[in-house]
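One structure below.
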Amino acid sequence: MSSLRPLSMALLSALAFAPSAFAQDAGTTSTDTTSTDTASGKRIAIVGGGAILQPDSDPLPGARIDIDGGTAPTLSASWYINDNIAVELWGAADKFNHRVRGDGGKIGTIEQQPIALSGQYHFRSADSVMRPFVGLGYYESNFSNEDISGGGPHVGLDTAKGAIATAGMDFNINSRWFARTDVRYMKGDAKVNVAGEPNGDEMTMDPWTVGLGLGARF
């Protein structure tokens with residue numbers, strides 16, 4: 001959580017400044033007829049930020065284990081078909097690190113790095129100060145550096161695959177810059193391998209992410 005505090009403070013400052021900054025930029029169009037300072041028509045958006053990822057609280061029923069949440073930087077690139085419909089490629093720029101706990105405390109760690117492709121619908125006009133959006137798509141999350149064997153055979157996880165749902169809000173700072181907050185839910189299981197062989201179990205990760213970011217349109 002502490003790794004997201006500087007980003008959170010920067011975004012809060014941007015949001016406080018957003019309405020006046022956007023109004024000032026929009027006002028230039030009335031005095032300069034050769035300028036069209038608007039977010040409408042811009043087709044590419046790049047967002048950099050960070051997210052907290054929290055897996056399911058009971059990932060392996062009957063095993064009495066829990067997986068703590070983790071933080072990582074994130075990146076996304078969107079192509080807007082028009083002002084309201086976009087296709088987004090989103091992913092973690094680094095790995096989320098998770099502590100695995102049992103009844104007696106920590107029993108190991110795992111890392112994962114998700115990537116997703118989604119279609120999105122952005123409500124309101126492109127120049128609205130606040131623009132909610134929703135999305136639905138497909139994700140994969142690769143697991144690595146699994147260390148949950150407890151001294152026995154190595155325990156590994158296959159790549160989790162499934163659907164991802166997104167809901168968020170963009171806050172326009174001006175026609176190019178915007179702040180973003182979003183929530184994502186990924187539905188997918190990861191097959192468990194012991195000593196390199198599947199053992200028939202599946203770990204239900206089904207993680208939520210809560211993210212903050214700063215974006216630019218082109």
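Each reported figure results from applying straightforward, stated rules to the coordinates on display, with no laboratory input. This one's a predicted model, so the numbers in the text were calculated from it and none came from an experiment. Cβ placement follows ideal geometry from the backbone for every residue including glycine, while neighbour counts extend to all protein chains displayed.
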Exercise for review: Compute log10 of I(q)/I(0) for region 107-152 with the Debye formula, placing one identical point scatterer on every Cα and leaving out solvent, at q = 0.16, 0.18, 0.30 Å⁻¹, to two decimals.
Suggested key: -0.64, -0.70, -1.01
Review point. Arranged from highest to lowest average of other beta-carbon atoms within 10 Å per residue, in what order do the peptides 37-47, 164-174 appear?
Key: 164-174, 37-47
Revision key, fill the gap. For region 50-108 the trypsin sites (Lys or Arg not before Pro) that pass both the DSSP coil test and the at-most-15 other-Cβ-within-10 Å test are 64
Point to revise | Calculated from backbone phi, Karplus (6.51, -1.76, 1.60) coupling profile of region 55-67 in Hz, x at Gly/Pro | key: x, 4, 6, 9, x, 9, x, x, 8, 6, 10, 9, 10
Exercise for review: Can you check what the Kirkwood hydrodynamic radius comes to for region 87-218, Cα pairs only, in Å to one decimal?
Suggested key: 16.6
**Study point:** Average projected area [Cα convex hull, region 133-174], square nanometres
**Key:** 5.2
